[in-house]
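> Handing you this structure, nothing more for now.
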Amino acid sequence: MVDIHSHILPEVDDGSKSWDISVAMCRMAAADGITHQVATPHANDRYHYDRPYLQGLIAHLQGLVGNALTLSLGCDFHLSYDNLQNVLADPSRYAIEGSRYMLVELSNYSVPPQTTDCFLKLGDRGITAIITHPERNPILRENLQRVVEWAEQGCVIQMTGSALTGFWGERVRRAAHWLLEHDAVHVLATDAHDMEKRIPVLSTARDAAAEIKGDEVAQALVDANPRAIINSQPLPYFPRPVVGSYRKTSGAQRR
């Protein structure tokens, strides 16, 4: 499996707090069957994103874990006006290392109508937006059809694996199931932050996805698609989303 979203670098954001924890997280990921882990530190008003410095941390962590798994650098890019100007000026700064894909996290407090235009502008610069965990965004949960429209537009939709298993609560689980059932999910990732709660484990999410969409799709979400992303290739599994209305209080999680 390949995990394209994790916070395993120490003391750079709200993720790992030490080198020991970072190494332990890598070893937990490897034991779960993850062979490639992308470290994606936040880039927002709180956390400065210094690519050369972070690249040095990746190299050091790789030396500590050896060949247990392969590490590369990406970014948990928070969409804001200033960040957008920065990425349009230097697209490779925030992209997943060596690829044309970039994680984009939307605010829990405002998702303006011009967000779609931002994704188009990124596309004009050769960057495909990977929209991270929309099922956890309280604004998008009220209108999941926006997520479907972004998928139709060509954006990649990345779900947090533990959303499928109920870690984030029932509302998030229902939204996650609805998006998966409507073919509007392309990648499962851990968004791992620690060794206790938000852990670097994907196998349970893969199994949960298999119960809903079958083994072939589930494996594409944790292997074929994320592997294509780190290799800057088109995603092999990219179905046309199924149009439908999301009912927040009933039947959204058909099994």
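Readers should treat all values here as calculations from the given coordinates under stated rules, not as data from a laboratory. All values reported here derive from a predicted model rather than from experimental measurement. Every residue, glycine among them, receives a Cβ derived from its backbone with ideal geometry; neighbour counts consider all protein chains shown.
> Could you size up the charge dipole of the stretch 2-230 around its Cα centre, putting +1 on the beta carbon of Lys and Arg and -1 on that of Asp and Glu, and report it in debye to the nearest 20?
Details: 19 positive and 30 negative charges, 19 e Å.
The calculation lands at about 80 debye.
> Name the most mobile residue of His133, His186, His60, meaning the one with the largest mean-square fluctuation, in a Gaussian network model of the chain with Cα contacts below 10 Å.
Top of the fluctuation ranking is His60.
> Hand me the GluC sites (Glu not before Pro) from the stretch 99-174 located in a DSSP loop with no more than 14 other Cβ atoms within 10 Å, in residue order please.
Glu142
> Sum up the charges of everything whose Cβ sits under 13 Å from the Cβ of Trp168, counting Lys and Arg as +1 and Asp and Glu as -1, but leave Trp168 out.
Value of the local net charge: +4.
> Please report, in whole Å, how far the alpha carbons of the stretch 106-171 spread along each principal axis, starting with the longest.
37, 21, 17
> Given the options Ile34, Ile139, Ile157, which has the most mean-square fluctuation in a GNM of the chain, springs set between C-alpha atoms less than 10 angstrom apart?
Ile139
> Percent relative contact order of the chain, based on C-alpha pairs within less than 8 angstrom and at least six residues apart?
Rounded, it is 20 percent for the chain.
> Tally Lys and Arg at +1 and Asp and Glu at -1 over the other residues with C-beta under 9 Å from the C-beta of Arg46: what net charge comes out? Before the final figure, lay out the partial values.
Numbers: positive: none; negative: Asp13, Asp14, Asp45.
Local net charge: -3.
> In the calculated pair distance distribution of the stretch 67-189, what percentage of Cα-Cα distances lie above 23 Å?
Here the tail beyond 23 Å accounts for 30 percent of pairs.
> Mind checking which aspartates and glutamates have their Cα closer than 19 Å to the Cα of Lys121? Skip sequence neighbours fewer than 8 apart in that chain.
Straight-line reach from Lys121, under 19 Å: Asp76, Asp82, Asp90, Glu105, Glu149, Glu152.
> Let me check I have the definition right: for the chain, take the eigenvalues of the Cα gyration tensor, multiply each by 5, take square roots. What are those semi-axes in whole Å, largest first? Could the numbers behind the result be given before it?
Working: eigenvalues 136, 95, 53 Å².
Listed largest to smallest, the semi-axes of the chain are 26, 22, 16 Å.
> Another question, if that's okay. In a Gaussian network model over the chain where Cα atoms closer than 10 Å are linked, find which of Tyr237, Tyr109, Tyr94 has the largest mean-square fluctuation.
The residue with the greatest mean-square fluctuation here is Tyr109.
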